[in-house]
1. Using a 10 Å cut-off on Cβ atoms, rank the peptides 120-127, 43-50 from the highest mean neighbour count down.
2. Quick one: what are the phi-derived ³J(HN,Hα) couplings along the range 258-264, Karplus 6.51/-1.76/1.60 with θ = phi - 60°, whole Hz, x for glycine and proline?
3. Enumerate the whole-percent occupancy of each 20 Å bin, from 0 to the last occupied one, for all C-alpha pair distances of the chain.
4. What is the sum of charges around Asp183, taking Lys and Arg as +1, Asp and Glu as -1, for the other residues whose C-beta is under 14 Å from the C-beta of Asp183?
5. Looking at the chain, what % of its DSSP beta bridges pair antiparallel, to the nearest 5?
6. Under the 0.36 nm per residue contour assumption, what length would be gained going from the current alpha-carbon distance of Glu372 and Thr81 to full extension?
7. Bins of 10 Å, beginning at zero and ending with the bin holding the largest distance: percent of Cα pairs per bin for the range 204-294, please.
8. For Thr197, which sequence-distant residues (separation of 5 or more, or a different chain) have an amide H within less than 5 Å of its own amide H, given hydrogens modelled in the peptide plane?
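Readers should treat all values here as calculations from the given coordinates under stated rules, not as data from a laboratory. These numbers were taken from a predicted model, which means no experiment stands behind them. Every residue, glycine as well, gets a Cβ built from its backbone with ideal geometry; the counts of neighbours run over all protein chains shown.
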Amino acid sequence: MLAKAAIRSKLPRVGTTIFTKMSKLAEEHKAINLAQGFPEFDCEPALQRLVTKYLSQGKNQYAPMAGVMKLREAISKKVFTATNKEYHPETEITITSGATEALYVAITAVVHPGDEVIVFEPAYDSYVPAIELNGGTPVFVTLHPQYESIDWDVVRSKISPKTKAIIINTPHNPTGNVWKLTDLQQLAALAEKHDLTVISDEVYEHIIFDGREHISAASIPALAKRTFLCGSFGKTFHTTGWKIGYCLAPKEMSVEFRKIHQFLVFSVVTPIQFALADYLEDPTHYLGLSAFYQQKRDLFINAIKDVGFTLRPSEGSFFQNVTYENLTDENDRQLAERLTIEAGVASIPVSAFYDQVTNYQTLRFCFAKNDETLLRAAELLGKVTW
């Protein structure tokens with residue numbers, strides 16, 4: 001009998017993601033799923049019609065490796081309007097299979113075995129595996145899940161001669177924090193001093209609340225020249241299943257990015273690229289997103305105000321963190337599972353976003369749901385026995 005091939009795992013610490021686990025648990029118990037970050041509602045019919053139009057026109061073969069030029073031109077115009085930074089559509093904009101691919105390729109382009117990458121945690125779960133798969137070492141700057149500011153002296157202390165890159169995310173998942181101009185300026189100074197590449201995850205750029213402004217890395221010249229800026233249309237247009245993202249970077253950085261991108265996915269679904277290019281011609285399709293989601297955030301936090309949670313209203317993204325330290329001593333994984341099974345409301349334990357198991361007694365809820373869903377979830381949470 002032939003022996004089975006033995007595979008030595010490149011990610012020995014990685015199992016099924018907490019998002020999959022909690023969504024499966026929610027399905028099993030018919031719970032309201034406020035765990036995984038996807039909208040409950042569909043995209044606009046006008047966008048659906050544009051996709052159908054280009055399907056019918058036969059735009060169904062491979063797109064150019066870097067993406068449909070019409071879409072790259074639309075992104076260039078959009079970003080210039082917002083940041084006054086011009087990215088050349090031919091050489092500095094690449095369409096990707098979602099922002100997660102953009103992040104993976106950017107990390108792969110920079111990180112070699114032995115390199116260190118600074119990661120602010122809690123962190124989106126794709127960053128660290130990408131670093132480790134490329135032989136790098138993540139170096140963590142640990143923040144409270146409801147942090148208000150960054151201690152840049154701590155960040156400085158984490159930089160070593162091995163540090164090659166730093167990953168940032170604003171608006172931030174899972175905390176909902178939005179970086180201020182002073183944060184980006186501090187980052188720019190450090191990156192310049194230590195010759196660091198910056199990988200900026202800005203997928204929630206249009207979901208920002210209470211009059212705040214999203215400050216893109218692209219808007220600061222000292223940062224833009226050394227930054228891979230990763231964005232996504234999935235969060236902006238309620239189309240997470242389409243997996244259409246993009247990466248903006250200077251020409252010489254984009255050359256290295258595309259070397260990897262072409263062998264990872266080569267190109268991205270063609271008719272949707274044409275549809276998005278047309279849809280971006282009207283800025284109101286994304287400029288009204290903050291008001292849309294702020295209404296949902298406010299509805300949700302007002303509906304759960306009597307549950308007993310402690311919270312800071314999310315500054316951006318479509319997530320709200322709540323702390324329950326005054327209600328129970330349970331760790332966050334235990335409570336997330338109990339609320340799913342007993343109350344019928346699924347959330348994400350924020351400890352899942354940290355490298356080491358740390359119990360901040362904090363849960364993350366996604367409020368990208370219909371109003372009636374949010375109100376029903378709040379009603380069920382209000383009935384929990386603590």
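1. Working: 120-127: 20.8, 43-50: 14.9.
By packing density, highest mean first, the sequence is 120-127, 43-50.
2. 6, 4, 7, 3, 5, 9, 8
3. 28, 58, 14, 0
4. Once positives and negatives cancel, what remains is -3.
5. About 45 percent, rounded to the nearest 5.
6. Details: separation 291, 0.36 × 291 = 104.76 nm, distance 3.61 nm.
Additional length available on full extension: 101.1 nm.
7. Per 10 Å bin, starting at 0, the Cα pair percentages come out as 14, 38, 38, 10, 0.
8. Under 5 Å from the amide H of Thr197 lie the amide H atoms of Ala165, Ile166, each far enough along the sequence or on another chain.
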